[in-house]
Amino acid sequence: MRKHPVIFGIFLLFLIVIVFFLLVYVLGSSTDDRRSFALDNKVGIVKVEGFIGDTRDVLEQLNQFGRDDTIKAVVLRIDSPGGGVASSQEIYEAVIALKKKKKVVTSMGSVAASGGYMIACATDKIVANPGTMTGSISAVMHFANAEALLKKLGLKASVVKSGKFKDIGSPVREMTSEERALIQELVDDIYDQFLDMVARDRKIPKENLRKIADGRIFTGRQAQKLGLVDYLGDMGYAVTLAGEISGIKGKPEVVYPKKKGSRFWDYFFREMFTALELQMRGKAEQFNGILYLSPIVDHN
């Protein structure tokens, strides 16, 4: 039976594409394996970028480098205005745990403020660019009141609740003085936890720290003068510093977290749809609750 030339050509082209992607996948995996068995001293890079919300990737990367004996030090590259309180604290505690095994240095990017700064405090040394925006040691909780708008639309809201504070922060009515006092106590306690971390890690008396920890931001150069960062420099300087304090001789080898192992088809389709996924994500992540978040970033 004769083969149809068009069908055969399409099949051959499809087979070539599959073989090509398979070769790329295998070569990439083998390269990662060779690097993992190298005996050279390495400095691992973990990035904390954007709004601090979902911490799973960062925590896994920190754990991965913590288990790797060829990684002698870790540089935490922070470019974030902060984010969720619990999320920031989770990464902070993970860095504290990692620091018991190896040296950790922060490299601040354009912004490392509020929750981003908190995480930096957990590391052995902090390196900022002179123009880095940092600080914003504070806590904030946002509420909106749409009561006037609802009245203009002729709408009225009703609520049935089991306790007088159950609908605290409701957008359909004004907050009572008692509710405001309760929320203020909550924010003050979250803020006090932040102060404790910075005072302990940066060795700054808490009362002295409180004078500048009112939400204001600083450049990297200003922060160094205040004792909030240790050195001025770029990421390359942070890598060199991490190598020096961890005892690495010569220029350190920089490595990034290895991607999780996956099947060929997972790899194939992930690469195809990455761009689409990024577009669907939108420009910002929405988050409700108390935040360690700098006001210098538009989070609308």
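The values are calculated or read from the model by the stated rules, or taken from the named source; none is laboratory data. The shown structure was predicted, so the numbers you read here are calculated from the model rather than taken from an experiment. Positions of Cβ are generated from backbone atoms using ideal geometry, with glycine treated the same way; all protein chains shown enter the neighbour counts.
Pairing residues of segment 175-192 that are assigned to a helix (DSSP H, G or I) with residues that are of a type outside the set (Phe, Trp, Tyr), at Cβ distances under 6 Å and at least 6 apart in sequence or on separate chains, gives Glu179/Ile168; Val187/Ala139; Val187/Met141; Ile190/Val85; Ile190/Ala139; Ile190/Ile290; Tyr191/Ala139. Would you check if Thr106 is β-branched (Val, Ile, Thr), surrounded by 24 or more Cβ atoms within 10 Å (Cβ to Cβ) and touching a Cys at 6+ places or on another chain (Cβ under 9 Å)? So Thr106 fits the description; yes. For segment 193-221, the candidate set comprises residues that are in a helix (DSSP H, G or I) and of a type in the set (Gly, Ala, Ser); within that set, the residue that is surrounded by the most Cβ atoms within 10 Å (Cβ to Cβ) is Gly220.
Any residue at all in segment 278-291 that is more than 19 Å from the chain's Cα centre (by Cα), at pLDDT below 55 and under 27 Å from Gly115 (Cβ atoms)? Yes, because at least one residue in segment 278-291 is more than 19 Å from the chain's Cα centre (by Cα), at pLDDT below 55 and under 27 Å from Gly115 (Cβ atoms).
Checked against the criterion of being out of contact with any His (no Cβ under 8 Å at 6 or more places or on another chain), more than 24 Å from Ala223 (Cα to Cα) and touching a residue at least 40 places away in the same chain (Cβ under 8 Å), the candidates Ile71, Ile45 yield just one match: Ile71. Evaluating Thr31 against the criteria (1) β-branched (Val, Ile, Thr); (2) within 23 Å of Gly243 (Cα to Cα); (3) at pLDDT below 60 leaves one unmet condition, (2).
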